[in-house]
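Derivation of every value follows stated rules applied to the coordinates shown; laboratory data play no part. These numbers were taken from a predicted model, which means no experiment stands behind them. Quick reminder, even Gly has a Cβ in these numbers, built from the backbone with ideal geometry, and neighbours come from all protein chains shown.
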Amino acid sequence: MLRLRYDGRLHRTILIILVAGSGFAQTAHLDNIKQLTFGGQNAEAYWAPDGKRLIFQSTRDKLGCDQIFIMNADGSNQHMVSTGQGVTTCGYFLPDNQHILYASTHESGAACPAPADRSKGYVWAVYPGFEIYLATDDGKILKKLATAPGYDAEATVNFKSGKIVYTSMQSGDLDLWTMNSDGSAKKQITKTEGYDGGAVFSRDGKKLAWRANHPATPEARKQYRDLLADNLTSPMKMELMVAEADGSKAHAITKFGCAAFAPTFTPDGKKILFASNKHDCDGRKFELYLVNADGTGLEQVTDFGGFTAFPEFSPDGKKIVFASDRNAKERYEFNIFTADWK
């Protein structure tokens, strides 16, 4: 029997699932699955450019909300590199393998911010205190990269160009922006009303993929605006979008009417690996799926029966990293796994 609970934080988009059973079955694409973390809530792990380390966010031990950690690719030497204050999200390495970026609310308060108001339904909090920081890989903050009032988070980096894509409220809406690794040359690249976030570049830096919720009716647009005025947004219907790196030619490649998120391009840029509850739209099951970049050829990659998401290919394309609740020893436990990609 599956029971569903949400943790409600926008940066994680975690839908927490309690699942009976244990162990991973191998799949047509995954082999040699290895669990790297054990206990707590661990998510959004991303590779260093040399493939030797992973950066991820975790709520563990006495932490009240997510902080940024780095570990070796085999799971050893796990250590926190963020300030330990506020809440953080979306850590990512820069191409030089010596610097990182992440979003944090620590300047707006040392405590974990209040969770989203669930009296308004299942919503995510869009914390206006989130700003994006550049730091050394041992945690020394060097610069605030995004300084506009309101939410700035969900940043990822293209290792070839050094270009950063992120989600910002700078325009008054939740749009995608790009900037250079020093914070210069900020450019808004989406303008459709609604949420655009969780964006990633293709390896060659020529394409973008992201998740979007664009309300299509006057009633839906009013609901979106009302929630956004309270620093909230609703995630229950997200589709995957693909565009050129400058935001042109944007179009949806899924039409599930459910939640599709956490896209990552295959190394050749021809396919996208992502997470979705398309076979269970009430949110009780998230699996990994593979689809051609034009939206054709959908293939289910995992069938683990719980929550599996946040995949990313290693720099050499031989492995993926992902987060899952499988093998959890406690309720609400999520861990980081790697696997060989076949």
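Brief remarks follow.
- Given (i) 0.90; (ii) 1.08; (iii) 0.98, the label whose value is Cα Rg over 2.2 N^0.38 Å derived from this model: (i)
- Taking 0.36 nm per residue of sequence separation and removing the Cα-Cα distance, the Met80/Ser248 pair yields an extension gain of 56.7 nm.
- For the residues Tyr151, Tyr122, Tyr166, a GNM of the chain with alpha-carbon springs under 10 Å puts the largest fluctuation on Tyr122.
- The charge dipole of the chain, taken about the Cα centre with unit charges on the Cβ atoms of Lys, Arg (+1) and Asp, Glu (-1), comes to about 260 debye, rounded to the nearest 20.
- Only helices enter this figure: runs of n ≥ 4 DSSP H residues, each worth -39500 (n - 2.57), summed and divided by the residues of the chain, yield -1000 deg cm²/dmol at 222 nm to the nearest 500.
- For region 302-342 versus region 205-277, the spacing of their alpha-carbon centroids is 22 Å.
- Cysteines having no other Cys beta carbon under 4.7 Å from their own, within the chain: Cys90
- Normalising the average separation of contacting C-alpha pairs (under 8 angstrom, six or more residues apart) by the number of residues puts the relative contact order of the chain at 17 percent.
- Set of region 49-79 residues, backbone N closer than 13 Å to the point 7 Å along the Cα-Cβ line of Tyr332: 59-66
- Per-pair calculated FRET efficiency, R0 = 30 Å: Thr217 and Ala185 via Cβ, rounded to 0.05: 0.25
- The chymotrypsin sites (Phe, Trp or Tyr not before Pro) found in region 287-335 that occupy coil by DSSP, while having at most 15 further C-beta atoms within 10 Å, are Tyr332.
- Förster radius 25 Å - calculated FRET efficiency between Cys281 and Asp61, Cβ distance, rounded to 0.05: 0.10
- Long pairs among Lys52/Lys160; Lys278/Lys318; Lys62/Lys329; Lys34/Lys255, criterion Cα-Cα beyond 23 Å: Lys278/Lys318; Lys34/Lys255
- With the cut-off at under 11 Å, measuring from each backbone N in region 313-342 to a point 7 Å along the Cα-to-Cβ line of Glu299 picks out 342.
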